[in-house]
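Before any comments, here is the structure.
Every read-out reported here was derived from the displayed coordinates using simple, explicitly stated rules and does not represent laboratory data. The shown structure was predicted, so the numbers you read here are calculated from the model rather than taken from an experiment. Positions of Cβ are backbone-derived with ideal geometry, glycine not excepted, and every protein chain shown enters the neighbour counts.
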Amino acid sequence: MAAPNAIPAKKQVTFAPLPPKPKPRQGIKVSEKSWYEVMKSSSSSFLLSFFKVTTDSLSSPADNDEGTLYSREIPAWRRCTQPVWEMDPNGFNLDRLAIVEQNEQTNNLLVRSNIPLDENGEFVYQQILNKLNAELKLTGENKLTEYNTHFTVRTLLNRLGECTEWEQMKIACEKYQERYGTSISFEPAPVLGCISSPFQCLPEKVQGWYQRAFPYYSTWTHLPHQIEKVSQAHQQPREDSRIHIQLVHCIHGADRTGMFVANYKMYHGTPFQEARIEAQKFAKTKPGYNDIDVYTHNGINQFVAYLKSVGKSGNIGNTEWDYRHKNEMPPIDKRKKE
């Protein structure tokens, strides 16, 4: 029995280990040559995780040939864009197929259309050849056939909101090639346009950083790379002596395809007003529209700013555009008076 006046033993107190000192935050270095590194930086990780886009899917424009840019579908994005990018229930529209350019030396063709799938999801290979032969008035041995042509389907669809259609187009090309032994290649070239026109109040260097910091604004980065790829393939003859037909398409063949064709023309010296006509060529075929949508309209304006920044705007000329993308919208001058 312990004595009544005994001093109790001291309790041993244990302390929790101190947390490690936080590492100093490293600054973000913006490189003009590697805009994608900005999106992989720590400041953008939250934004990327919010949209459920992994940083591994972001790559440089030169390494994006497999369509990794905008490679993961976002359901919210699809719901927002479905009214604009919804497929025609009748499938391929032959009236929206047109020859953009024919190379006189190689006979290669650059062609535009809406998504080249019929109502059953089959690639409309023969319909395209038939119309091209009719427009070029080719007969006999000069006709375009599966034996003397190679198709490169350059889809402008992005996989943020059009993952289903993107996969359908890829599978249709592979299935047609396997079934008939035709020469077809599927090459993604995702294009979105731009939310806003160039900020004229900002210096060109700031605008360039703004473009490179956000992959949505791919008009200054990804699009020039794709246009250069199309240009090289259009000018060079194939080793197998086949005529190279490059088919550029989006869903409707009106907005993004029109933007791509207009920017391609301006990249090669066509004045703005002539390129604008190419952009608007099939805009009226969409119900309720008489011009391309606002995103692709801004994309053309952004590309003009890009050409100015790299010193290729010598033949651009007048860039005025009385833009109205809805039939019910009055002209700009009337809106000002009202």
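One decimal place: the segment residue 277-residue 137 gains 48.0 nm when fully extended, by the rule 0.36 nm per residue minus the C-alpha distance.
Residue separation of residue 321 and residue 284 scaled by 0.36 nm, minus their Cα-Cα distance, works out to 11.7 nm of gained length.
If R0 is 45 Å, the Cβ-Cβ spacing of residue 164 and residue 241 corresponds to a FRET efficiency of close to 0.75. Packing-based ranking of 171-182, 277-288, 131-142, 253-264 yields 253-264, 277-288, 171-182, 131-142, ordered from highest to lowest mean Cβ neighbour count within 10 Å.
Taking the Cα-to-Cβ direction at residue 179 and at residue 104 and moving 7 Å from each Cα, how far apart do the two end points lie in nm? Those two pseudo-labels are separated by 4.0 nm.
Here residue 268 and residue 127 are evaluated by their C-beta separation; at R0 = 41 Å the FRET efficiency comes out at 0.90.
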